[in-house]
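In what follows, a single structure is set out as structure tokens and then discussed.
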Amino acid sequence: MRRRAAGRSHCVLSRGGVKLTRSGLRLRSWMVACTAALHIALTSPASADDQDVAADTLFDKGVAHYNLGEYQKAIEAFREAYRLVREPLFLFNLGQAHRKAGNCMEALDMYQAFLREATGPENRDKAEQFASDLKPCAEEQRRAGALAEAAERAKQDAQRNSPSAQPSLSAGAQPRRERHDNGQWLRWSGLTAGVVGGAAAALGGYYWRQSAEQNTWADGCLADPGLCDWSLAETRARDAQGQSANRRAWGFSLGGAALVVGGAGLYLLGRSKVEWTLVPNVEGATLAVRGRM
């Protein structure tokens, strides 16, 4: 680790150091150039020199910390010095301090930055060797950092999702429960259909009885044709009445049964109730719907 050297160029005028030529042109040209250089040097701000002085002071502090094993303080001093004077040697010094501190990734970055910025051969071989030696360690630290970051994210996710992390519900944010009974009209419809179906079934039973009586009379006519005179209008009317009773018996019975079954279904459906619960949570709210008979 070497201290930076700030080089300065001066234009010096000496009493006997100038020879006049026969034409005097060479003398006049030299005097004009020196005068212009002196004017620029005297009128330019001293900020560059101030930055050099500050950088030298930081360099000395960094070296002192480095020699004492205070590598983090040395890193801070060399970093501030490089911000003032962008000299590649400070990058090399930063690489050295990071390497000593065990910061393989940072040290490798500083050596590589030095190799990009440095134009001369000084310390280049050392920086290349240090960078090559640090690559396995830097890669291992990168992997360890990625694993630690992933573990930290998983830990934070687990803490956010844990029951203890759920915010306490205030009185205004308690779970909201409501019950809806929209089946009253279904129950009334089911009862009405059941009553009408029962009446239809009873009427069907009445017509079944009539149909049975007519069937008994018709069976007797078939067994003894002399009992029934089919030429008479009364006989034919009685036969037609029996057929009509049979049709009505089937119609009212089937219709009544359908109304009873449908009414029972409507009534049961009307007895069902829907209960929904809205529970606030961290991500918003959860809606739970439950139905019962």
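Points worth noting:
- Condition check for A240: over 30 Å from V261 (Cβ atoms), without any contact (Cβ under 8 Å) to a residue 40 or more places away in the chain, among the small types (G, A, S) and in contact with a Gly (Cβ under 7 Å, 6 or more places away or on another chain): no
- Of all residues in the stretch 227-262, those satisfying the criterion of being buried (at least 16 other Cβ atoms within 10 Å of the Cβ) and touching an Asp or Glu at 6+ places or on another chain (Cβ under 9 Å) are C228, G242, A245.
- Within the stretch 259-285, residues that are part of a helix (DSSP H, G or I) and of a type in the set (V, I, T) sit with their Cβ atoms under 7 Å from residues that are surrounded by 15 or more Cβ atoms within 10 Å (Cβ to Cβ) and modelled with pLDDT of 65 or more, at 6+ positions apart or across chains, in these pairs: V260/G194; V260/G197; V260/G198; V260/A201.
- The stretch 206-235 residues that are closer than 21 Å to A249 by Cα and touching a residue at least 12 places away in the same chain (Cβ under 8 Å), paired with ones that are among the aromatic types (F, W, Y) and assigned to a helix (DSSP H, G or I) (beta carbon under 8 Å, 6 or more apart): Y207/F252
The values are calculated or read from the model by the stated rules, or taken from the named source; none is laboratory data. This is a predicted model, so every value here is computed, not measured. Every residue, glycine as well, gets a Cβ built from its backbone with ideal geometry; the counts of neighbours run over all protein chains shown.
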